[in-house]
1. Once both labels are modelled 7 Å past Cα along the beta-carbon direction, what's the Gln63-Asp215 spacing in nm?
2. If you place +1 on the Cβ of every Lys and Arg and -1 on the Cβ of every Asp and Glu, how big does the dipole about the Cα centre of the stretch 114-162 come out, in debye to the nearest 20?
3. Angle check, please: helix 225-244 long axis (alpha carbons) against the longest principal axis of the chain (alpha carbons), in degrees 0 to 90, nearest 10.
4. Return the calculated 222 nm mean residue ellipticity for the chain, to the nearest 500 deg cm²/dmol, obtained by summing -39500 (n - 2.57) across DSSP H runs with n ≥ 4 and dividing by the residue count.
5. Tell me, what is the percent relative contact order of the stretch 1-139, built from C-alpha pairs under 8 Å that lie six or more residues apart?
6. Below 8 Å, C-alpha to C-alpha, sequence gap of six or more: please give me the relative contact order for the chain in percent.
7. How big is the charge dipole of the stretch 26-92 about its Cα centre, in debye rounded to the nearest 20, if each Lys and Arg gets +1 on its Cβ and each Asp and Glu gets -1 on its Cβ?
8. Would you work out the relative contact order for the stretch 26-92, in percent, from Cα pairs under 8 angstrom that are 6 or more residues apart?
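Every number in this text was worked out from the coordinates using simple rules, so none of it is lab data. What you see is a predicted model, and the numbers here were worked out from it, not measured in a lab. Here the Cβ positions follow ideal geometry from the backbone for every residue, glycine too, while neighbour counts run over all protein chains shown.
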Amino acid sequence: MGSANRAGEPVELVVFDCDGVLVDSERIAVRVQVEVGAQLGWPLTPDEVVQRFIGRSHAAIWQQVGERLGAAAAAEWERRFEHRHRELVDAELTPVDGIAAALDALDARGLPYCVASSGSHDKMRHTLGRTGLYERFAGRIFSATEVARGKPFPDVFLHAAARTGYAPGVCAVVEDSPAGLRAARAAGMRRFGYTAGPTGSALIGGEFGDGTDPDTVLFADMRHLPALLDRAAAVTATAAATTVT
């Protein structure tokens with residue numbers, strides 16, 4: 001599919017990633033991956049964790065570990081990661097700064113939203129529940145476990161659009177990882193990259209921040225998202241009027 005939204009189609013559905021976009025869990029995940037890697041013989045820096053793991057499904061992560069350390073080590077890595085991650089989520093997890101205000105503004109506009117994440121339903125029920133966000137998305141939560149391929153493939157975003165009844169061209173994806181934005185681009189959806197978390201430097205310093213993908217909007221304050229969506233709608237309306245003329 002093409003990367004640009006077709007002229008004349010406004011944003012009708014906002015599709016949020018979960019980790020790092022709704023809940024500030026990527027900082028925890030990066031820390032735990034570094035910790036477990038050091039324990040099991042694969043020392044990784046935080047930047048390496050972001051590049052290799054963040055935004056991808058757990059199956060894809062454990063596959064990488066298995067290829068590097070073997071199946072037994074991958075199973076142990078998964079066990080240690082899940083245990084430690086859950087401990088820290090229960091102790092430290094907070095919503096992403098500004099997300100409640102952004103959702104309130106979308107509600108005021110009557111603009112629907114959903115979640116499409118690499119995480120499992122159990123994980124999202126836990127993290128969204130811990131931060132008081134679960135009820136805002138209940139019934140509109142989609143996981144890569146429901147589709148054949150995880151991000152950077154577009155499957156979970158296309159699945160979310162189909163299940164909610166929207167064409168891909170009227171969807172806007174809010175992501176914080178390169179893998180997630182590549183998936184949104186492959187789905188033909190408008191893209192907004194959140195850069196205030198630990199993955200932000202990978203967006204700013206990579207293909208989405210160097211001008212080669214001008215259809216992706218990067219932003220650092222979640223409170224600004226509704227205005228950015230308004231601006232995208234205004235640009236679309238102008239383009240449609242120009243096309244008609």
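1. In this crude label model, Gln63 to Asp215 measures out at 2.6 nm.
2. Details: 7 positive and 4 negative charges, 27 e Å.
The calculated dipole for the stretch 114-162 is roughly 120 debye.
3. Orientation of helix 225-244: about 40 degrees from the principal axis.
4. One gets -16000 deg cm²/dmol as the mean residue ellipticity at 222 nm.
5. On the way: 121 pairs, mean separation 52.8, N = 139.
With pairs under 8 Å counted, the relative contact order is 38 percent.
6. Details: 410 pairs, mean separation 72.9, N = 245.
Reported relative contact order: 30 percent.
7. About 100 debye.
8. Values: 45 pairs, mean separation 23.7, N = 67.
Value for the stretch 26-92: 35 percent.
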